[in-house]
Amino acid sequence: MRCSNGTLLNINCKSKDGHFDIIGIYGTNNDDTDFFNVKLSSIISHRPTIMAGDFNVKLKPRRDSNLDHICSNPRATKALISLISSFDFHDSADICQNYKHTFFSVDNFSRL
């Protein structure tokens, strides 16, 4: 599914143990709640699902970036947190307790 701002790719998989989905995400660069509330939520099934990608939001600014005072896209962040909660998804960083930053630039770093 190609969105005007942001991209979603939904792959339906079948294994000997059943069906599951993998959703690839490139989130919008603006504070667009529709991307999560409408576009993403419309493709999520109730099968086991893995979502990965660049969401362009900080779920936990103090954890996810050295710029913890900046919460870019606060409405979109709130929409994603609500979606995660409503489908009982889990953040793999919390489960694995791996909070290392994976993106570095001259002045900034963040966990992608």
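Give the residue that is surrounded by the fewest Cβ atoms within 10 Å (Cβ to Cβ), with candidates limited to residues of region 36-56 that are of a type in the set (S, T, N, Q) and not in a strand (DSSP E or B). So, considering only residues that are of a type in the set (S, T, N, Q) and not in a strand (DSSP E or B), the one surrounded by the fewest Cβ atoms within 10 Å (Cβ to Cβ) is Ser42.
Within region 87-105, the set of residues being at pLDDT 80 or above and under 14 Å from the mean Cα position of the chain (by Cα) comprises Phe87, Asp88, Phe89, His90, Asp91, Ser92.
Residues checked against (1) modelled with pLDDT under 90; (2) closer than 24 Å to Asp94 by Cα; (3) assigned to a loop (DSSP other than H, G, I, E, B):
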site: Lys14; (1), (2), (3): no, no, no
site: Phe20; (1), (2), (3): no, yes, no
site: Asp34; (1), (2), (3): no, no, no
site: Asp68; (1), (2), (3): yes, yes, yes
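The values are calculated or read from the model by the stated rules, or taken from the named source; none is laboratory data. These numbers come from a predicted model, not from an experiment. Because the Cβ atoms are built from the backbone with ideal geometry, glycine has one as well, and the counts that use them run over all protein chains shown.
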